[in-house]
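One structure below.
The values are calculated or read from the model by the stated rules, or taken from the named source; none is laboratory data. Model, not experiment: these values are computed from the prediction. Every residue, glycine as well, gets a Cβ built from its backbone with ideal geometry; the counts of neighbours run over all protein chains shown.
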Amino acid sequence: MTEIDPVLVADQLRQLCKFSGSDLTGTLSRIEGSVRGLTVVDCSNFLLKAGAGKEALAAAAGIKRLAGQINVAVHALGILLCLPHILKEGGQVQYVSLGAGNTGRREFDLETNYRVAAFKFTHWRGRDSQRQDQLFKDFFLLAEDETVKQKYLLCSALSIR
């Protein structure tokens, strides 16, 4: 993976904001209303006025690539910040998987000499059947595992402040 360039990210965000404005939904609604009746003769001028250039698309693609890594960072940071609360006296980490998602390794994110744990960090929105299915799968895999260690499913509802 390439190193993240903060100057490039800031430029991409500026480019994207030029297109989206402060309210992307409102901006898109205005563009949808304005595009009716557009002809090939008017197209270049319209795109320029709307801020819908190649630069904006490249910026959006760059931000999308970066945003795709956010879930992994949240998962890793969440687990690491939980360690001081999870490790009890005499406890030692034996295994940890900091990346979010299926890595092809064990079903748990953390194993100590006393317990195993799976972690979920999410922002629940109401229509979350896919998240609920994944949470149930983690619960089931923990419940069915033959380990004699204590089993934990740690779920955190993230709030944006």
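Name the residue, out of T112, T122, that is closer than 20 Å to V74 by Cα, among the hydroxyl-bearing types (S, T, Y) and either surrounded by 14 or more Cβ atoms within 10 Å (Cβ to Cβ) or assigned by TED's automatic domain parsing to the domain that holds L81 (or both). Please lay out each step first, then the result.
Values: T112 fails: closer than 20 Å to V74 by Cα.
Testing whether each residue is closer than 20 Å to V74 by Cα, among the hydroxyl-bearing types (S, T, Y) and either surrounded by 14 or more Cβ atoms within 10 Å (Cβ to Cβ) or assigned by TED's automatic domain parsing to the domain that holds L81 (or both) leaves just T122.
Results for (1) polar (S, T, N, Q); (2) in contact (Cβ under 8 Å) with a residue 12 or more places away in the chain; (3) outside any helix (DSSP H, G or I); (4) within 17 Å of L153 (Cα to Cα), shown as yes or no for each residue.
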position: A60; (1), (2), (3), (4): no, yes, no, no
position: V74; (1), (2), (3), (4): no, yes, no, yes
position: L81; (1), (2), (3), (4): no, no, no, yes
position: H85; (1), (2), (3), (4): no, no, no, yes
position: A117; (1), (2), (3), (4): no, yes, yes, yes
position: K120; (1), (2), (3), (4): no, yes, yes, yes
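Please pick out the residue among A59, A67 that is in contact with a helix residue (DSSP H, G or I) (Cβ under 6 Å, 6 or more places away or on another chain), at pLDDT below 95 and not acidic (D, E).
Values: A67 fails: in contact with a helix residue (DSSP H, G or I) (Cβ under 6 Å, 6 or more places away or on another chain).
The unique qualifying residue is A59.
Take the conditions surrounded by 12 or more Cβ atoms within 10 Å (Cβ to Cβ), at pLDDT below 90 and among the hydroxyl-bearing types (S, T, Y) and apply them to S156. Does it pass?
Yes, satisfied.
So, in the stretch 68-98, of the ones that are within 18 Å of the chain's Cα centre (by Cα) and farther than 14 Å from L110 by Cα, which residue ends up surrounded by the most Cβ atoms within 10 Å (Cβ to Cβ)?
Across the stretch 68-98, the extreme among qualifying residues is V74.
Of everything in the stretch 1-57 that's surrounded by 12 or more Cβ atoms within 10 Å (Cβ to Cβ) and not in a helix (DSSP H, G or I), which residue is nearest to the chain's Cα centre (by Cα)?
Among residues in the stretch 1-57 that are surrounded by 12 or more Cβ atoms within 10 Å (Cβ to Cβ) and not in a helix (DSSP H, G or I), the one nearest to the chain's Cα centre (by Cα) is G21.
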